[in-house]
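Shown next, in C-alpha cells, is the structure this report addresses.
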Amino acid sequence: MDEKTAKIFRDTPLRLDVALKLAFPAGGLTVKGLRKEIEKGRLEVELIANKQFTTLAAIERMRELCKVPSRTIRSHETPSQCDVLPDREDRNGESDLQRLIRVTREKSRAIRRDQRVQKRKGTT
C-alpha cells in the first residue's frame, strides 16, 4: 500500500474515477456506469465545485442495493427463463452453471435422438 492509498478510508471523498479503481481493481465497471447508478439513486454522491465525489462506503451500499437474489434452475426451464449464478452449489455439489451445462446437453441429446427417430420413420 503506498502513501496515498494509506490515507484513504471508507468515508474519504473520492472522484468517481479514483473510487472506481479502488472499489473495482479488476475493472468491469466504468465512470459512466457509476453515473447511471447515481441517476437510479443507488449511489450517493457529493457535488463539490461542480465535481462528483463518492466514498468507498457509498459504493459498498450501492453494491448491496444491486444484489440480485439467486434462483435455482428447474429441469424444465431453459437458460433464457432463469438467472444463472455459477457460484452457488446445490446439495450434490453441482453449481448452477454445471447444472445448466448438463441440462442443455441432455436436451440437445433428446432433440437429436428425436430427429433421428423422425428421420428413420420418414425413410421406412
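Where a number appears in this text, it was derived from the coordinates with a stated rule and is not lab data. Note that the coordinates shown come from a computational prediction; the quantities given were computed from them, not determined experimentally. Virtual Cβ from ideal backbone geometry, glycine too; neighbours counted across all protein chains shown.
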For this session: Could you please let me know if Leu43 is in contact with a strand residue (DSSP E or B) (Cβ under 9 Å, 6 or more places away or on another chain), free of Cβ contacts under 8 Å to residues at least 60 places away in the same chain, in a loop (DSSP other than H, G, I, E, B) and under 26 Å from Val68 (Cβ atoms)?
Result: yes
For this session: Return the total of residues in region 37-56 being out of contact with any helix residue (DSSP H, G or I) (no Cβ under 9 Å at 6 or more places or on another chain) and surrounded by 13 or more Cβ atoms within 10 Å (Cβ to Cβ).
Result: 0
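With the structure loaded, tell me whether Ala6 is on the phi < 0 side of the Ramachandran plot and loosely packed, with under 10 Cβ neighbours inside 10 Å or whether it fails that test. Give the derivation first.
Values: on the phi < 0 side of the Ramachandran plot: yes; loosely packed, with under 10 Cβ neighbours inside 10 Å: yes.
Spelling it out, Ala6 is indeed on the phi < 0 side of the Ramachandran plot and loosely packed, with under 10 Cβ neighbours inside 10 Å.
Kindly provide the set of residues from region 24-36 that are within 16 Å of Leu56 (Cα to Cα) and surrounded by 10 or more Cβ atoms within 10 Å (Cβ to Cβ), ordered by number. So that I can check it myself, show each step before the final result.
Of all residues in region 24-36, those within 16 Å of Leu56 (Cα to Cα) come to 24-27, 29-31, 33-35.
Listed by number, the residues that qualify are Phe24, Leu29, Thr30, Val31, Gly33, Leu34, Arg35.
Is it true that Arg10 is over 26 Å from Leu97 (Cα atoms), within 21 Å of the chain's Cα centre (by Cα), in contact (Cβ under 8 Å) with a residue 24 or more places away in the chain and not in a helix (DSSP H, G or I)? Lay out the reasoning, then the answer.
Details: over 26 Å from Leu97 (Cα atoms): yes; within 21 Å of the chain's Cα centre (by Cα): no; in contact (Cβ under 8 Å) with a residue 24 or more places away in the chain: yes; not in a helix (DSSP H, G or I): yes.
No; evaluated as a whole, the condition is false for this residue.
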For this session: Identify, by number, the condition in (1) exposed (fewer than 15 other Cβ atoms within 10 Å of the Cβ); (2) touching a residue at least 12 places away in the same chain (Cβ under 8 Å); (3) not in a loop (DSSP other than H, G, I, E, B) that Lys21 doesn't meet.
Result: (2)
